[in-house]
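First comes the structure, then the notes that go with it.
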Amino acid sequence: MNNSTVNVTTPESFTTYSFGLLDILEMYTCSFSFLFGLPTHSYVIWLIITGNGVTSEFFILNLSVCEIGNCVNSLVFLLSFWFANLTTLNRFLMGLGITGRPVFHCLMCVERYLAVVHPVTFLKFKPLRYRVICCTATWIITLGSCFLFLSLNSPAQIWFYTLQFLLFLSVQLFCLVAVLRALKQSGPGERGRERKEENHTKRRAFKIILITTVNTVIIYVPYIITGLFTIVTKQNIRALWLICILCFLLAGFVQPVLYLCRAEKLVCLCSSKVL
């Protein structure tokens, strides 16, 4: 592909950098992610900490912290065009998006799954300490993924996150189908009002899992397809990777927007009581 280029000359070193069209698109995408993602996720964290929903929104809190790391990585990736020594830091922080984000998405889906399908188990593990244990384990796994990503070559990296994404997507699809089946069943001997309240809880959980799963598909399926295509054909097409990056960064705004809608801090098309 012949890309148009833009030459940028720095007076200090009189070095000319040639940026192709795909480079410019990547720079705009990463700039958008950093400039809008950082304040959005920071605002979500501030609302959760200052509010009374730390326990119920603990997974979203940790997810927003992880997303802030992804926003910082967007800045690092942007600066790596001029400072090549930042490439190592960029590869290290990729573990936050490769492992951290999907694991927190899975935790949210599993939580909703337990609340609907196994409510007794959900009440048993509802206290904050269990969420802290899960998030601590997730951060340890994510940190290990960050270090592992540094030691893998390009083909190994592709296999690594392709298998991870397939696993995480399978877990979320299982939760989605299980909650959908639970929606079609009603408990014996329930009164009309109790059944209505239970169905509302189930539908709310189903919508959250559905949106999270669709979000996961948008984020990771392009990476899976592009990764398998690259491995099979031995062709590294940058345009395909740019589509993956675009889906990855923009889909990161879905969860904070949903939370802001529920917190009535954002004017949106859907009612704040839907989710």
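In table form, for the structure just shown:
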{"quantity": "Within the range 136-154, tally of residues that are open to solvent by less than 80 Å² (accessible area, probe 1.4 Å) and not aromatic (Phe, Trp, Tyr)", "calculated": "11"}
{"quantity": "Matching entry among Cys175, Cys146, Cys134 (being touching a Lys or Arg at 6+ places or on another chain (Cβ under 8 Å) and modelled with pLDDT of 85 or more)", "calculated": "Cys175"}
{"quantity": "Options Leu250, Leu242, Leu275; residue that is open to solvent by 70 Å² or more (accessible area, probe 1.4 Å) and either at pLDDT 80 or above or over 17 Å from Asn73 (Cβ atoms) (or both)", "calculated": "Leu250"}
{"quantity": "Yes/no for Val110 being within 18 Å of Leu166 (Cβ to Cβ), open to solvent by less than 60 Å² (accessible area, probe 1.4 Å) and among the aliphatic types (A, V, I, L, M)", "calculated": "yes"}
{"quantity": "Cβ pairs under 8 Å, 6+ apart, first in the range 235-248 and among the basic types (Lys, Arg) and in a helix (DSSP H, G or I), second open to solvent by 80 Å² or more (accessible area, probe 1.4 Å) and modelled with pLDDT under 85", "calculated": "Arg238/Met1"}
{"quantity": "Subset tally (residues that are farther than 30 Å from Ala182 by Cα and among the small types (Gly, Ala, Ser)) for the range 204-250", "calculated": "2"}
{"quantity": "Some residue of the range 185-201 being at negative phi, at pLDDT 85 or above, acidic (Asp, Glu) and surrounded by 16 or more Cβ atoms within 10 Å (Cβ to Cβ)", "calculated": "no"}
{"quantity": "In the range 162-183, the residues that are open to solvent by less than 70 Å² (accessible area, probe 1.4 Å) and either within 22 Å of Phe92 (Cβ to Cβ) or not in a helix (DSSP H, G or I) (or both)", "calculated": "Thr162, Gln164, Phe165, Phe168"}
{"quantity": "Count - residues of the range 48-103 that are hydroxyl-bearing (Ser, Thr, Tyr), open to solvent by 30 Å² or more (accessible area, probe 1.4 Å) and in contact (Cβ under 8 Å) with a residue 12 or more places away in the chain", "calculated": "2"}
{"quantity": "Filter result (in contact with a helix residue (DSSP H, G or I) (Cβ under 6 Å, 6 or more places away or on another chain) and within 14 Å of Glu26 (Cβ to Cβ)) within the range 60-104", "calculated": "Asn73, Ser74, Leu75, Val76, Phe77, Leu78, Leu79, Ser80, Asn90"}
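The values are calculated or read from the model by the stated rules, or taken from the named source; none is laboratory data. Every value quoted in this text rests on a predicted model; they were computed, and no experiment measured them. Reconstructed Cβ throughout: ideal geometry from the backbone, glycine too, with neighbour counts over all protein chains shown. Each accessible area value is taken on the protein alone, full model and side chains, heavy atoms only, with ligands, DNA and RNA left out. Shrake-Rupley method; radii C 1.70, N 1.55, O 1.52, S 1.80 Å.
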